[in-house]
Amino acid sequence: MVIELVKQDSVKHRGKLKIFLGYAAGVGKTYAMFKDAQNRLSEGIDVVIGYVETHERMETKKLIDGIEMVPRKEIPYKGITLTDLDLEALLQRKPQLAIVDELAHINSPNQRHPKRWQDVKELLDEGINVYTTLNVQNIESLNDTVLQIIGNPIREKVPDMLLDKADEIVLIDISPEELRRRLKEGKVYVPKKFEASFQEFYKIGTLNALRQLAMRRVAMAVDSKMRAYMESKSIPGPWPANERLLVCLGPSKLSEKLVRSTKQIASELKAEWFAIYVENPKHRSLRENEQEQLLKNFKLAGELGAQVVSIPGDNIADTVVEYAKKYNITKIIAGKPLCPKWKEIIKGSIVDQIIRRSGSIDVYVVTTSDNNINFSLPSVDKPRLNHRKNYLLSIGLVILATAIGVPIHWLISPTNLVMLYLFVVVWAALYLGRGPSIVASVTGVLAFDFFMVPPRHTFVVHDSEYIITFIGLLSVGLIISNLTASAREQAQVAQKREVHTIELYELSRDLNTVGDLKGLGQKLFQRLENIFFCELAFYVSEKNGTLKLKIKSDKFVVYEKLDEITKWVYEHGITAGIGTDNFHSFNAQFIPLKASEKTVAILVVVPKDIKQFNSIDNSRLLDAYVMITAMAVERVLLTQEAKEMEMLKITEKIQSALLNSISHELRTPLSSIAGVLSTLKETTDEQRSYIRINEETKTELIDTAWGEALKLNRLVGNLLEMTRLESGAINLRAELNDIQELIGEVVRQMADRVIDREVSINIPDNLPLVKVDFVLMSLVLSNLIDNAVKYSPSGSPIDIKVHHSSKTIKIYISDRGMGIPSDERERVFDKFYRIRKEEGGGTGLGLSISKGIVEAHGGYIWADERDGGGTVVTISLPL
């Protein structure tokens, strides 16, 4: 129930998609779409045209009248100006319904997305409803079927995933005869350069076949909605058992057809499906174009809705069947072997092995009509130019073995000399590879026959038993070379995995020792720069939802659209840049670091070698690095939040205790004032005329009340100033003032407070005027002098000294009190903080307010220990 509610909530925020589907251009898709849009407009719906192609048809032009249109985006490209959908403007306009014609269109270069269907997907994700048009031949899973019907490949394709998520698919249909009539009348737009191919395309047979495809696709959509309705209403029915399909991928173009065929079968069976690639030892020898094709196959499977997995295994058939049994797969789809029969007999067929091992699992075999494609897996160690040295070295080893054997052949029988050549075969297989070891086996047999077997220096053999020796030597050599080379390849693969495992372990260990995000980024950069040869930048999410560049490589260039792309990646949680369909024209990859389904940081990678960076091994390793880093970032953020919560608790506890202290500080002067007033009131009460006080006592009482009132005024003033400082409401009225006058005025105002103290003032002559707020700086000096009185013995002196240089003026206020411990001298300027050995008095606000005012003037304030005991507080102000 909870899962369903979450799904329903996510659907609510997603826009609705309506596709007007036809089997060819000219059936009236655009006309029907705008007719429906006009109806929505009349209902008060906010309708906006994002992109439309009218092809100068008057009927279509009339229908778009009255509908707002977002201007097309102009894109300069190779000296010409192209126009296309302005996705950013449409997102900013955010209508209720957007009209986007030609869903399968390929966008102009340097757009955010290479395909228009990706633009539509982003509009839907932003909650905008979309009307669009599509021809059936542009559906990805039908590509091979369409190729057989029309004979030409289709470049513009839309993944089935988008159609599966469509809320409504409307079939726009007319008869092929009517469509051909419209074509002859010029009512179907035909580009001049395609007139001949259009005449071929619009044959009755072709149109009927495409029409049938369109009807079947819409029927599938209707059937899917009917099933969903019956399930939601708990209507009983003969529900089929759940099927799970597995398609085998490889680095060939046949895999594209396998993926599309599996998608069609999965759609018909309403089945979950998987795409698997087995990394056997031959995977290491994939050429660049084969790696690109393999990545293309992965991407296609993902777009069509498959769960793509890549797992290591020595034997492809065993690994596939083992995975199928483990994950309850009911059907395996594999490609038909198209290699010559003799090669299939020698090497064996993977499909045959899967069928023999599959047991109760059904196996579907898919073939192709294109015989020009080489579907075989790449062989290892083909004699390319960079391997020629190994082949020559293997022949050299055979010559060396022969040179050793010839002088001693009369001491040792020829059958024992065979071991020299077997040793060469094993050594070549271990260190040179399978190909050179096979060459060593063949040349070793020939050398053994020519130099060791009588009659020597000829290939003629008198003793027929040596024929068996030759066959045995060649067979054993070939077997040993294959086994040894396989073991070598497996060891190399295992070593590579071990290196990756160690790298991941060391990264995890390093990141766990870091307590801040900048240090975490530095550790990550040290690893990635050495492995991927790239420049990096690390963005971290702030509490207000913005991104902050935390750290970057020295040579990383911050370009114009960097902030825009990182923001988009952060908001959508999708990788962009190299190897993706988002901002693909940029030579960087923008990777979101996700933890607990939330993006916590963005890693920007600018590789020096894009092709090497896009390899399967590097992609997988980078994914692992990103996952570990994301968890480390989350740990740091959670640790910081925990510290902040702990500090908040401590602060709340301190504030609670100090509020009690403030209450006491307020209550004490109020009680004194109330007592004085009560006494004075009683002396004037006629009913209590017996109470008499002399004038001296009355004056003393009034002075006491006045002193307590001043104390109360300072306390309330401090509280108000602290509130102003925290809210940022304090306004400096800085003017040029005489420091001597400022200090003199403060001391005069505090005469009653320092009446029992000797205040020493040492101010040099010819002091320059200082630009300060006289009132606020008076408050600072009052607080510091009050603290000096409060925390030093009665009768002890207070010293005020001024010193100036060319850039600053410093004011020193010193006492002979108990002093401040060295570990608390910075914290005493925090709000509500009081030193541990302090007894009574003080709210912990005076020094905090003083610091805020001084820093507002661009100055500094600090406390030091005074020689001979006591404290000296220094104020440094700029001149």
Practice item. Would you confirm whether any residue within region 776-784 is crowded, with 18+ Cβ neighbours inside 10 Å and within 11 Å of GLY870 (Cα to Cα)? Key: no
Study note, to complete from the structure: If we take region 545-639, then strands (runs of 3 or more DSSP E) inside it with 3 or more residues that are within 25 Å of PRO159 (Cβ to Cβ) and at pLDDT 85 or above are 589-595
Exercise for review: For residues that are touching an Asp or Glu at 6+ places or on another chain (Cβ under 9 Å), free of Cβ contacts under 8 Å to residues at least 60 places away in the same chain and not hydrophobic (A, V, I, L, M, F, W, C), tally how many sit in region 797-815.
Suggested key: 4
Point to revise | Qualifying strands (runs of 3 or more DSSP E) (wholly inside region 769-879; at least 2 residues being more than 15 Å from ILE743 (Cβ to Cβ) and at pLDDT 85 or above) | key: 860-865, 871-878
Point to revise | Breaking point among (1) at pLDDT 75 or above; (2) hydrophobic (A, V, I, L, M, F, W, C); (3) surrounded by 12 or more Cβ atoms within 10 Å (Cβ to Cβ); (4) within 44 Å of the chain's Cα centre (by Cα), for ILE502 | key: (3)
Point to revise | ILE628 being open to solvent by less than 40 Å² (accessible area, probe 1.4 Å), among the β-branched types (Val, Ile, Thr), over 15 Å from the mean Cα position of the chain (by Cα) and closer than 30 Å to VAL493 by Cβ | key: no
Review point. For region 69-130, which fully contained strands (runs of 3 or more DSSP E) count at least 2 residues that are at pLDDT below 90?
Key: 73-77, 80-84
**Study point:** Set GLY50, GLY44, GLY22, GLY28: member being more than 21 Å from GLY186 (Cα to Cα), among the small types (Gly, Ala, Ser) and surrounded by 13 or more Cβ atoms within 10 Å (Cβ to Cβ)
**Key:** GLY50
Practice item. Please enumerate the residues belonging to region 68-97 that are more than 19 Å from HIS113 (Cα to Cα), open to solvent by less than 60 Å² (accessible area, probe 1.4 Å) and hydrophobic (A, V, I, L, M, F, W, C). Key: LEU97
Exercise for review: For residues that are of a type in the set (S, T, N, Q) and without any contact (Cβ under 8 Å) to a residue 60 or more places away in the chain, scanning just region 292-334, find the one that is most open to solvent (accessible area, probe 1.4 Å).
Suggested key: GLN307
Revision key, fill the gap. Going through region 295-309 in order, the residues found to be in contact with a strand residue (DSSP E or B) (Cβ under 7 Å, 6 or more places away or on another chain) and part of a helix (DSSP H, G or I) are PHE298, ALA301, GLY302
Point to revise | Where GLY515 falls short, out of the listed (1) at pLDDT below 85; (2) crowded, with 20+ Cβ neighbours inside 10 Å | key: (2)
Revision key, fill the gap. Quick count over region 16-52, residues being outside any helix (DSSP H, G or I) and touching a strand residue (DSSP E or B) at 6+ places or on another chain (Cβ under 9 Å), is 20
**Study point:** Residue list for region 398-429, filter: in a loop (DSSP other than H, G, I, E, B) and open to solvent by 70 Å² or more (accessible area, probe 1.4 Å)
**Key:** TRP410, LEU411
Exercise for review: Please state which one of GLU68, GLU102, GLU59, GLU74 is in the same structural domain as GLU140 (by the TED database), out of contact with any strand residue (DSSP E or B) (no Cβ under 7 Å at 6 or more places or on another chain) and of a type in the set (Asp, Glu).
Suggested key: GLU59
Exercise for review: Report, by residue number, each residue of region 790-828 that is surrounded by fewer than 20 Cβ atoms within 10 Å (Cβ to Cβ), out of contact with any Gly (no Cβ under 9 Å at 6 or more places or on another chain) and among the hydrophobic types (A, V, I, L, M, F, W, C).
Suggested key: VAL802
Check your understanding: Here are GLN137, GLN92, GLN148: which of them is of a type in the set (S, T, N, Q) and more than 30 Å from THR206 (Cα to Cα)?
Key -> GLN92
Exercise for review: Taking the options ALA537, ALA491, name whichever one is without any contact (Cβ under 8 Å) to a residue 12 or more places away in the chain and aliphatic (A, V, I, L, M).
Suggested key: ALA491
Check your understanding: Only one of these conditions is not met by VAL493: (1) part of a helix (DSSP H, G or I); (2) open to solvent by 30 Å² or more (accessible area, probe 1.4 Å); (3) in contact with a helix residue (DSSP H, G or I) (Cβ under 9 Å, 6 or more places away or on another chain); (4) among the β-branched types (Val, Ile, Thr). Which number is it?
Key -> (2)
Review point. If you check PRO436 against the conditions, is it crowded, with 16+ Cβ neighbours inside 10 Å, touching an Asp or Glu at 6+ places or on another chain (Cβ under 8 Å) and either modelled with pLDDT under 80 or not assigned by the TED database to the domain that holds LYS282 (or both)?
Key: yes
Practice item. Can you run down the residue pairs with Cβ atoms below 8 Å, 6 or more apart or on separate chains, where the first is in region 167-190 and over 30 Å from GLY15 (Cα atoms) and the partner is at pLDDT 85 or above and among the basic types (Lys, Arg)? Key: PRO176/ARG211
**Study point:** Members of region 266-280 found to be buried (at least 19 other Cβ atoms within 10 Å of the Cβ) and in a helix (DSSP H, G or I), listed by number
**Key:** ALA266, SER267
**Study point:** Of all residues making up region 511-520, the number that are without any contact (Cβ under 8 Å) to a residue 60 or more places away in the chain and touching a Leu at 6+ places or on another chain (Cβ under 8 Å)
**Key:** 0
Review point. Can you name the condition, by its number, that ASN618 falls short on among (1) loosely packed, with under 14 Cβ neighbours inside 10 Å; (2) more than 25 Å from ASP516 (Cα to Cα); (3) of a type in the set (S, T, N, Q)?
Key: (1)
Study note, to complete from the structure: Within region 860-879, the residues that are open to solvent by less than 20 Å² (accessible area, probe 1.4 Å) and farther than 21 Å from SER805 by Cβ are GLY870, THR871
Practice item. Check off (1) within 53 Å of the chain's Cα centre (by Cα); (2) over 24 Å from HIS857 (Cα atoms) for LYS807 and give me the number that stays unchecked. Key: (2)
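The values are calculated or read from the model by the stated rules, or taken from the named source; none is laboratory data. Every value quoted in this text rests on a predicted model; they were computed, and no experiment measured them. Here the Cβ is made from the backbone with ideal geometry for all residues, glycine too, and neighbour counts use every protein chain on show. Just so you know, the surface numbers come from the protein's heavy atoms only, side chains and all, with ligands and any DNA or RNA stripped out. Shrake-Rupley method; radii C 1.70, N 1.55, O 1.52, S 1.80 Å.
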